[in-house]
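In what follows, a single structure is set out as structure tokens and then discussed.
Read-outs throughout are calculated quantities, based only on the coordinates presented, and are distinct from any laboratory measurement. Everything numeric here is computed off the predicted structure, so don't read it as measured data. As a convention, Cβ positions derive from the backbone with ideal geometry for all residues, glycine included, and neighbour counts pool all protein chains shown.
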Amino acid sequence: MASITFDNVVKNYGTFQAIRNVSFEIPDGEFAVIVGPSGSGKTTMLRSIGGLESISSGRILIGDRDVTNVAPKHRDIAFVFQNYALYAHLTVRANIGFPLKARKTPKAEIAERVEDVARRAGLEKLLDRKPAELSGGQQQRVAIARALVRQPSVFLFDEPMSNLDAQLRLDLRHEVLELQQSLGVTSVWVTHDQEEAMAMGDRILVVNHGIVEQNASPENLYSDPVNSYVAGAIGSPRMNMIQGHSANQVLTADGQNYPLFPGCPDGNIVAGIRPEDIHPVESGREGSFQAKVQLVELLGARAIVSLAVGDRRLNAVFSRRELGDIKELDTISVSMAKDRLLFFKPDNGERIRLAG
Amino acid sequence: MSQVSSQTLADASERKGLFSRLVDAFPFRWWMALPLILLLGIFVLYPLGFSFYLSLTEYKLTNRSLDFIGFEQYRRVLTDGDFTESLKITLTFVVAAVLIELVLGLVLALALQKQKFARNITRALLFTPMFLAPVAVGLVFRFLLNQQLGLLPNALAVFGWQVDFFSPNMALWSMVLIDVWQWTPFMVLLMLSGLESMPKSPFEAARVDGASFFLTFRTLTLPMLAPVLIVALVIRVLESSKLFEYVFVITNGGPGGTTESLQFIMYQTGIRFFRLAEASAMAFVFLLVLAVPIIWMLRQAKET
Amino acid sequence: MKTTNPKLKGLRASLLSCTMALPLLGMASIAHASNCEGSSFNSPALPDTAGVVKVVAEDVTDTDFVKALIPAFNEIYPNITIEIEGAAYDVIRDRQIASLQRSEGTQNLMQVDTSWVAEYDEANFLEDLRPAINCLGADYNYDDFAESFRLIGQVEDRVLGVPFYSYPTGFVYRTDLWDTPPNTLEELVEGAIARHSDEVAGLALQQKQGFVIMEEWNAYLLSAGGQLRQADGTWTIDSPEARTALEAYINVSKNAAPEASLNWGFDETIRAASSGQASALSTYGWVVPIVNAEGTETEGMFALAPFPGGRGTGGTWSWSIPVNGSDKDAVWAWISWLTAPEQDKARTIPGGAPVRDSVMNDPEVWEAGVSKEYYQTYSEVAAASVPMCLGTGCAEAIEAVGVEINAAVAGLKSVDEALADAQKAAERATR
């Protein structure tokens, strides 16, 4: 069993609170992603799991073991660093074999396991090179191979893709996912890229200023965010947030009226609608409103359309078909998909759930 | 009027042409290097060259004849037992002092790196010895190691150890002690900056991988520190081979000639005994002896 | 270690009244001729002589006493500035050599040590002062300088240097621990060993290799009836007397000298003596006022005796005028004034090392100075002192012999081996 549990963990650096009383559990075998902006505490959480940072209070458990005060080497974890952290003066072979050598594994066994892992990571031909002679992607594979060779209970990845280009990122992403699936090892992956998070995670922990805003599957984060922060963090382009006053199923914001539907909350609210849930409709359709097309960014199969409603800008994503021959400066009718509208309290961003 | 002035102008531009032609004759970068070359020439090459010339004569400070006698001085120096003895003494000193400083310096640097409290003041205190004048340090140690007056022998006596720091067996090692006291901080300084400029993540990776202190040290720290170590080695070997001040103010080369370093006998021969030409010859032989390890070390540095 | 102020102040007062006579003398000599024949600078010096006198002098008490006399000098010679820079022994030589290499020296007055005189003369660095001395009046009395000191500054009959302060060696001992000073070398050795204990050493030796140990051991050699060098220049180091002397010295070193003092120089021995940790020293006579100084643990406890056998190592610092110096008239004014009997007495009384017989035999000096016995003994010691080596190559010879002697004392060579090697080294140096 190698689940990971945070139990009321607090981490302070002097007066700065990096982790503010966080609790969660990652079940055994899951691929969890911790996503958040820089300084949110995600890396600190990851390093605390690994034991590279100590915590100020609370407990960390790996499986059933309380590892709060256990040194990294005894936590049975492997860590992949953002900048690979390879041993510059050792060959690839020696790099991969290093953890085994540190544990005084017999030489023959080291050789065998290194060969095995190198093959898995596609590094057989590079074993006698030094890290400086490898490309970024190859170096990252060596780092992953070094983690693999240990056969640990937990893999920890600290933004390992940040220094790679887009295509390489995609390729490596697939490889890592396949690897994790075949090995079934609990993994925690830290990233600031929400798309990467959505693509990779079985579960995602959205982190902001030292707390976990939401810990859920990608689907739940997307369709059922617990507050406006999560709603805005997930999905690109960002969800449109319209703050205004709702009465009689009409939201009035900045002098504009946005039609709502029965059951919507009244009073001062923030309505959120994802760009992909704004559709062009025939004018005059019930529940539509006018908008002026400011900008059209064609991305191949879809287009990001920037709409002006009064003084407000809304982003919409139209499919190619929906776009039709809509051009910039056209005035069109659009409507927001009813079942996709989300409501939040204006003061603290908390989600207002509708009855039923 | 205008005719005259245009003529003058024409002359002027022709003159200017000559000058700028001269300047253009040589690449610009040569002109840029000229001030430095001049300085080097005056303060380094000329004295060196003149010293070498002197070493081929019979020049004495009290009899300044420049009669050429070829390599006679070199023959004297090399067949004179004192010079070779002094060479041995100096080399022993250099090897012992530098090795101890290297190891001690590394240990201290590693410890200082981990220190959490009162870092700045500890470092400031630790580095002061190297800013003191060697003569002053020598004088202080002359009395510090004095059997009657000195703190060290009296402290050792508490444990029942009777050490004569300036006996024929110990005198050179006392010189080593003083050099270690004064110059280990220099090593610490170099190594500490080397250690602190090393990337941290490989060490964290090693920590996670479960490497012991010694394994980390061998595979990570030392290779990364190698360039700094070599620089430190070169500097200290060159400096310590010039052992002079401590001998001059404490032992006068004794007892029994056991601390007659090369620099000391060169000074003695040239200034005390007025035989400057012979001292020059000694200096050049010394230069050749030193050149071998220095070139080797620099080659090593190039490779890392 | 300075003398007390009252003595100096009183002296200055009496000096001022005395120096009133000198201008009269000077004016009298003007009547004859300002530049007497043969002398390349004004002798006697004229009161209106102008110039700057620069010298690098040894950092010892005698230099302090000399500095104290400058105001009185300026009363007579107001246009002459004296600049005295203090320095350690080796530094003096280095500075002198450097200055002498130039076409115009940075120093125009030099304090020259015993073994340097002949070397400098060989290089023609120094002016012959004989003609200038001859031009001075009878009051100067050059022959009044003790003969052994006077001869040190001379080469053939040229005077390269006028005695400044002397440093003959004798036996300096604690009067409370020694009833009588030893008369023979055996008595010295036995006496020192007998008085040796952990707290108080029998005899503090300056055993450091080189000229340091030689200053001391030469006295032992003389005491044993030997001599480093004969008058004709032959070295007699490898001799039975030397053997006796070296064995005696080694005996003292092992059994009566302070623990671990093989590296001791002059400073260490003085320190040991004045803190009551040594009962005797075989050192320069002029240290007596220093170890007896007010405020030390051993105030007034030491006395001087001639070294057993009556002869000690002789030595003197002399004032010289380098040929490449400037303002030689001013320099000669200073030298001739300072070394004249009256001023020499003024320098000696606070504790300076005497060089003139008249000063050593002057009851006023006995009264105001250290003591009658001291000066009388000093006079004896001076008369019988023998410089180690005169002539060229001496500095090197003494240093080389000192290395061998030190090696024998350190146990690195046998006595026979050391003496043989010393003989060879000395011969080689003075070839």
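Miscellaneous remarks
- Structure-based [θ]222 nm, chain B - -39500 (n - 2.57) summed over DSSP H runs of at least 4, per residue, nearest 500: -22500 deg cm²/dmol
- Taking the fewest neighbouring Cβ atoms within 10 Å as the starting point, the ordered list for C:Ser371, B:Ser280, A:Ser57 is A:Ser57, C:Ser371, B:Ser280.
- Temperature 37 °C, viscosity 0.692 mPa s: under these conditions the Stokes-Einstein estimate for the range C:186-262, based on its Kirkwood radius over C-alpha pairs, is 253 µm² per second.
- Fraction of the pair-distance distribution of the protein assembly as shown above 39 Å, Cα-Cα pairs, percent: 66 percent
- For C:Arg229, residues with placed amide H under 5 Å, excluding near neighbours: C:Thr236
- Sequence-separation-based contact order of chain C, relative, with Cα cut under 8 Å and 6+ spacing, percent: 24 percent
- Computed from the C-beta positions of A:Val250 and A:Lys338 and an R0 of 22 Å, the FRET efficiency is 0.95 to the nearest 0.05.
- Shape call, the range A:240-344: gyration tensor on alpha carbons, a/c limit 1.5: prolate
- Note on the protein assembly as shown: dipole from Cβ charges, positive end direction compared against C:Asn251, A:Leu123, A:Thr331; the farthest Cα belongs to A:Thr331.
- Along the range B:228-243 the Karplus relation, 6.51 cos²θ - 1.76 cosθ + 1.60 evaluated at θ = phi - 60°, assigns HN-Hα couplings of 5, 4, 5, 4, 4, 4, 4, 4, 5, 4, 4, 5, 6, 5, 8, 3 Hz to successive residues, with x for each Gly and Pro.
- Amide H to amide H, with H built 1.01 Å from N, A:Leu251 comes under 5 Å of A:Tyr258, A:Leu260, counting only residues 5 or more places away or on other chains.
- Taking amide H atoms as placed 1.01 Å from N in the peptide plane, the amide H of C:Val53 lies under 5 Å from those of C:Thr81, C:Ile82, C:Glu83, each 5 or more residues away in sequence or on another chain.
- Descending by average beta-carbon neighbour count within 10 Å, the peptides B:188-197, A:187-196 line up as A:187-196, B:188-197, the highest first.
- Neighbourhood net charge (13 Å Cβ-Cβ; Lys/Arg +1, Asp/Glu -1) for B:Tyr246: -2
- Look at the stretch C:256-266: the mean tally of other chain Cβ atoms within 10 Å of its residues' Cβ atoms is 6.
- Across the range B:146-158, coupling constants 3J(HN,Hα) worked out from phi with the 6.51/-1.76/1.60 Karplus curve, θ = phi - 60°, read 5, 4, 7, 8, x, 5, 5, x, 5, 5, 5, 4, 4 Hz, and Gly and Pro carry x.
- The residues neighbouring C:Glu187, those whose beta-carbon lies less than 15 Å from its own, together hold a net charge of -2 under the Lys/Arg +1, Asp/Glu -1 convention.
- Exercise: per-residue mean of other protein chain Cβ atoms within 10 Å, B:209-217: 5
- The mean count of C-beta atoms from other chains within 10 Å of the C-beta of residues in C:402-412, rounded to a whole number, is 5.
- Under 23 Å from the Cα of A:Lys42 - lysines, other chains or at least 8 residues apart: A:Lys11, A:Lys73, B:Lys200
- Rounded tilt (10° steps) of A:166-183 against the dominant C-alpha axis of chain A: 60 degrees
- Ranked for footprinting exposure by Cβ neighbours inside 10 Å, fewest first, C:Asp121, A:Asp339 give A:Asp339, C:Asp121.
- The HN-Hα couplings worked out from phi for the range C:312-325 by the Karplus form 6.51 cos²θ - 1.76 cosθ + 1.60 (θ = phi - 60°) are x, 6, x, x, 8, 8, 10, 8, 10, 10, x, 5, 8, x Hz, whole numbers, x standing for Gly and Pro.
- Each peptide among B:226-237, C:270-281, B:73-84 gets the average number of other Cβ atoms lying within 10 Å of its residues, and from highest to lowest they stand as C:270-281, B:226-237, B:73-84.
- For peptides B:238-245, C:380-387, C:38-45, C:404-411, sequence by mean Cβ density within 10 Å, most packed first: C:404-411, C:380-387, C:38-45, B:238-245
- Expected 222 nm ellipticity per residue - DSSP helices of 4 or more, -39500 (n - 2.57), all of chain A, to 500: -7000 deg cm²/dmol
- Alpha carbon Rg of chain A, scaled by the compact-globule rule 2.2 N^0.38 Å: 1.19
- Neighbour counts of C-beta atoms inside 10 Å place C:Val252, A:Val309 in the sequence A:Val309, C:Val252, starting with the fewest.
- Three-way shape call for the range A:39-174 based on the alpha-carbon gyration tensor, with the a/c threshold at 1.5: oblate
- Under 13 Å, Cβ to Cβ, from A:Arg129 - net charge with Lys/Arg +1 and Asp/Glu -1: +1
- Reachable lysines from C:Lys372, criterion Cα separation under 29 angstrom, eight or more residues apart if same chain: C:Lys2, C:Lys7, C:Lys9, C:Lys67, C:Lys345
- Taking the longest Cα principal axis of chain A as reference, the axis of helix A:107-120 is set at about 30 degrees.
- Those GluC sites (Glu not before Pro) in the range A:254-315 that DSSP places in a loop and that have at most 13 other beta carbons within 10 Å: A:Glu282, A:Glu286
- Taken over the range B:74-303, the alpha-carbon convex hull comes to 157 cubic angstrom per residue.
- Gyration tensor verdict on the range B:22-72 (Cα atoms; rounded if a/c is under 1.5, prolate if a/b is larger than b/c, oblate otherwise): prolate
- Folded to 0 to 90 degrees: helix B:81-114 orientation relative to chain B principal axis, Cα: 70 degrees
- For the range B:158-221, the residue among B:Leu192, B:Leu220, B:Ile178 whose Cα projects farthest onto the positive side of the dipole built from Cβ charges is B:Leu220.
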